[in-house]
1. Pull out the extension gain between E85 and A145, defined as 0.36 nm times the separation in residues minus the alpha carbon to alpha carbon distance; nm, one decimal.
2. Mind listing the long-range amide H neighbours of S154? Cut-off is under 5 Å, sequence gap 5 or more, other chains count too, H placed in the peptide plane at 1.01 Å from N.
3. Taking a quarter of the surface of the Cα convex hull of the chain, what do you get in nm²?
4. Of all DSSP beta bridges in the chain, what percent run antiparallel (nearest 5)?
5. Mind listing the long-range amide H neighbours of V125? Cut-off is under 5 Å, sequence gap 5 or more, other chains count too, H placed in the peptide plane at 1.01 Å from N.
6. Where Rh denotes the Kirkwood radius from the mean inverse Cα pair distance, what is Rg over Rh for the stretch 22-106?
7. For the stretch 17-62, report the convex hull volume of the alpha-carbon atoms normalised per residue, in Å³, without decimals.
8. Would you work out the charge dipole size for the stretch 1-149 about its Cα centre, treating the Cβ of every Lys and Arg as +1 and the Cβ of every Asp and Glu as -1, and quote it to the nearest 20 debye?
Amino acid sequence: MIKSILVAVHRSPAARPAMALAARLARAGGARLTGLYVEDPSRFVYVPLLTAATSPILGEPPVMAPLPPGEMLAEEERQEQEERELSRTFTEICQTEKLSGAFQILQGQIDELLLERARRVDLMVLGYDRGHAAAEVLLERVLRASVRPVVVVSEDARLTGPMMVAYDGTPAAQRGLAVAAALVGGGFTGDVT
């Protein structure tokens, strides 16, 4: 059974539906819910124009540089505001579902931290925004490398209708089927394909 759920919390239209689904699943199954926001250090660097222009010619990877001080401060303020808003949204959703969730903020590479933290829970919920290249790369990496079932939620997600489960016979796929069965038993309405 699902005793712990991790939901990746980020700035995107799919974040709220992912948090709402994770909270609903946690309430239905009596699971512990953790919201994880990762401060990505790549927000604070850029590739200088000269480096971007010359690195392909020289056959070298571009060298990243820190943002100028004014831009760095502005980006730090945006990140702090984002964290406050997401924490508030997470708390509101948890209160609506009448459960207490933990909101964590960590620093590092998003995919590495999500995969490491997913090892400590029974289920991960991840919001996905179609059409964003970075989100697609992150999603593929997490889906391929996660040892736990991952529920992917789009910005227009709903809790009715069909559910698709990828199955390849591995133990992780077996756990995925068990999660799908638990979802159906816990209030999800629709078919599992």
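1. Details: separation 60, 0.36 × 60 = 21.60 nm, distance 2.96 nm.
Using 0.36 nm per residue and subtracting the Cα-Cα distance, I get 18.6 nm.
2. The answer is Y128.
3. Working: hull surface 49.9 nm².
One quarter of the hull surface, i.e. the mean projection, equals 12.5 nm².
4. Numbers: 2 of 26 bridges.
Of the beta bridges lying entirely in the chain, close to 10 percent run antiparallel.
5. L6, V7, A8, V151
6. Working: Rg = 19.5 Å, Rh = 15.8 Å.
So for the stretch 22-106, dividing Rg by the Kirkwood Rh gives 1.23.
7. Details: hull volume 5.6 nm³, N = 46.
Output value, Cα hull per residue: 122 Å³.
8. Values: 18 positive and 20 negative charges, 195 e Å.
In total the dipole reaches around 940 debye.
Every number in this text was worked out from the coordinates using simple rules, so none of it is lab data. Fair warning: this is a prediction, and the values are worked out from it, not measured in the lab. As a convention, Cβ positions derive from the backbone with ideal geometry for all residues, glycine included, and neighbour counts pool all protein chains shown.
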